[in-house]
1. Tell me which residues come under 5 Å, amide H to amide H, from F95 once H is placed; ignore anything under 5 positions away on its chain.
2. Simple spin-label model, 7 Å along Cα-to-Cβ: A67 to Q2 in nm?
3. I need the phi-derived Karplus couplings for the range 44-57: 6.51 cos²θ - 1.76 cosθ + 1.60, θ = phi - 60°, integer Hz, Gly and Pro marked x.
4. Just to check I understand the Karplus step: with θ = phi - 60° and J = 6.51 cos²θ - 1.76 cosθ + 1.60, what whole-Hz values come out for the range 70-83, glycine and proline as x?
5. Using r as the Cβ-Cβ distance of E100 and E60, and R0 as 22 Å, what FRET efficiency do you calculate, to the nearest 0.05?
6. Note the full-extension length gain between R110 and S41 as 0.36 nm times their separation in residues minus their Cα-Cα distance, in nm to one decimal.
Amino acid sequence: MQRSAAARWIDGISQVLAGATAVVAACIALTGTGFAQHAESPGARLRAAMETYQARAWPEAYAQLSALADAGDPAAARVAAMMARQGPLLFGQRFDVSPERLARWDLAMRNVTGAAASAMLTSRGNGARTADSPRAVLVAGAR
């Protein structure tokens, strides 16, 4: 049975399109990026992190939230700081965070940025604690 010219043409075009699709998919896989990642907003990233949190995947949620907190997201900073401070009690595990990182998250929670944040993070030197200083906060897993 002989195929018509139109059928052969359609088969040829479909093979070219399938090949082009495979090349594009391979390029996306090799670069590790996708179209959705570039269009993803911080709000969408926070929603995804909170979905991970609600699914009780604590380490993954902490990693996502801490990355957003490092970028200055106040809501993510609030949850990541709570996880770091209350990890053993609420989640049965510790989430490591340095005191400096926790201080940056505290500033992000208060929407303090730029020079004001740098001034607040600057140490006054050894023995800087005074009688009217706030009480120390113990951080789980602080180094």
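1. The list, which skips near neighbours in sequence, is G87.
2. 6.0 nm
3. 5, 5, 5, 4, 5, 5, 6, 5, 5, 4, 5, 7, 6, 8
4. The phi angles translate into 4, 7, x, 6, x, 5, 5, 4, 4, 6, 5, 5, 4, 5 Hz.
5. Details: r = 24 Å, r/R0 = 1.07.
So the FRET efficiency works out to roughly 0.40.
6. Here the segment from R110 to S41 would lengthen by 22.7 nm.
No lab work stands behind these numbers, since they all come straight from the coordinates. Since this is a predicted model, take the numbers as computed values, not measurements. As a convention, Cβ positions derive from the backbone with ideal geometry for all residues, glycine included, and neighbour counts pool all protein chains shown.
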